[in-house]
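> There's a structure below that I have some questions on.
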Amino acid sequence: MRELSSLLFAIAIAFFPQEKQVEPTWLYRQVSTLPQRQIDLSTDSCHYTAIFGEGDVDARVPRSVARFGELTIDAHGACQGVDYPRDEELFFVLNGKGILRYGEESHPLSQSDFTYVPPTVRHTVSNPSDGPLRLVVTTVRIPKEKPLSPPAKLEVANLSELNEQTVEGHPNSVLYKLMIGPRTAKRDRINATYQIADFFLMDFAPGGTNFPHHHEVAEEIYLVLDGEGQMAAGGGMDGVEGLHQAKAGDAYYFRQNCTVGFYNQKASTAKAHILAVRAYVPLPKDPD
């Protein structure tokens, strides 16, 4: 009997690691290959492509990001109106023109516009133009213990208003446009968020890099808007073992403490732009 028990124990030890599912430290998607999904914003003329979070096959991996995806609104179409008690939302216009309805306000949207919608505000996006409207939408959960303030007046800004700048701790070969950040700070164009740490655009010079790094208390998403290079993901702090070819339409999700970085091509004409969002993750109350 003892010999049989020992044999069963050895078999269990041998097979358990193979059967146990380990959550990935990073996720990769190519937007052009992703199917459309039905969400609360969807209508016959408002289509959602799930990249990360809601609607994705690994929806439970992101901890703060409820969804990150692309909205396409047909000409003369509109999305459903929504409001969330404890979610905050970002919109970035990839191309086209539309209108954002924010409570009782309406504001026109055009290419490279960005805006922030706080919890509790009823909002929707419509497209009165003759062409399609495409936006990136990011929805982030706010922990229940974090107090909320009354919603502020709507702010809509455009990338053209922002000067490119370097960021301390990163090489000068990448310039940043800081779009949206925490309500407690003054660094970004719109300072309004609760759980979102940064929403920004990176402009990489030929051969430029932001160097592989990691964030101990935040998860991050990169969406390559144009250009080609190598993405560092999950291969150690130097990124050498985790370099992946990246091109326009590639999207990467990085869990906290995962290596994240990008190396642009070295050709003299090479340019690359990446849209990025970073959100704080809830920390355990008792780390032990």
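> Does Phe91 fit the bill of being in contact with a helix residue (DSSP H, G or I) (Cβ under 8 Å, 6 or more places away or on another chain) and under 30 Å from Glu216 (Cα atoms)?
Against the criterion (in contact with a helix residue (DSSP H, G or I) (Cβ under 8 Å, 6 or more places away or on another chain) and under 30 Å from Glu216 (Cα atoms)), Phe91 does not qualify.
Residue-by-condition table, conditions (1) of a type in the set (A, V, I, L, M); (2) crowded, with 17+ Cβ neighbours inside 10 Å:
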{"site": "Asn95", "(1), (2)": "no, no"}
{"site": "Glu104", "(1), (2)": "no, no"}
{"site": "Gln111", "(1), (2)": "no, no"}
{"site": "Thr115", "(1), (2)": "no, yes"}
{"site": "Pro118", "(1), (2)": "no, yes"}
{"site": "Val121", "(1), (2)": "yes, yes"}
{"site": "Asn127", "(1), (2)": "no, yes"}
{"site": "Gly131", "(1), (2)": "no, no"}
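> Give the residues of the range 34-60 that are charged (D, E, K, R) and under 21 Å from Arg278 (Cβ atoms), sorted by residue number.
Glu54, Asp56, Asp58, Arg60
> Could I ask something else about it? Look at Phe211 and say whether it is in contact with a His (Cβ under 8 Å, 6 or more places away or on another chain), surrounded by 15 or more Cβ atoms within 10 Å (Cβ to Cβ) and either in contact (Cβ under 8 Å) with a residue 12 or more places away in the chain or part of a loop (DSSP other than H, G, I, E, B) (or both).
yes
> Could you tell me whether any residue of the range 89-112 is touching a Cys at 6+ places or on another chain (Cβ under 6 Å) and of a type outside the set (A, V, I, L, M, F, W, C)?
No: zero hits.
> On to the next question. Only residues that are modelled with pLDDT under 95, part of a loop (DSSP other than H, G, I, E, B) and of a type in the set (Gly, Ala, Ser): list them for the range 214-238, please.
Of everything in the range 214-238, those that are modelled with pLDDT under 95, part of a loop (DSSP other than H, G, I, E, B) and of a type in the set (Gly, Ala, Ser) turn out to be Gly234, Gly235, Gly236.
> Right, another one. For residues that are of a type in the set (Gly, Ala, Ser) and crowded, with 19+ Cβ neighbours inside 10 Å, scanning just the range 165-208, find the one that is nearest to the chain's Cα centre (by Cα).
Ala197
> Counting only residues that are surrounded by fewer than 18 Cβ atoms within 10 Å (Cβ to Cβ) and part of a strand (DSSP E or B), which one in the range 244-264 is nearest to the chain's Cα centre (by Cα)?
The selected residue is Lys247.
> Pull up the range 29-42, narrow it to residues that are over 20 Å from Leu90 (Cα atoms) and without any contact (Cβ under 8 Å) to a residue 60 or more places away in the chain, then point me to the one that is surrounded by the most Cβ atoms within 10 Å (Cβ to Cβ).
The selected residue is Leu34.
> Note down all Cβ pairs under 7 Å where the first residue falls in the range 181-203 and is touching a residue at least 24 places away in the same chain (Cβ under 8 Å), the second is among the charged types (D, E, K, R) and part of a loop (DSSP other than H, G, I, E, B), and they're at least six residues apart or on different chains.
Listed pairs, sorted by first residue: Ile190/Glu155; Ala192/Arg183; Thr193/Arg183; Tyr194/Lys146; Tyr194/Arg183; Asp203/Glu164.
The values are calculated or read from the model by the stated rules, or taken from the named source; none is laboratory data. Quantities reported herein were computed from a predicted structural model and do not represent experimental measurements. Cβ sites come from the backbone with ideal geometry, for glycine too, and all protein chains shown count toward neighbours.
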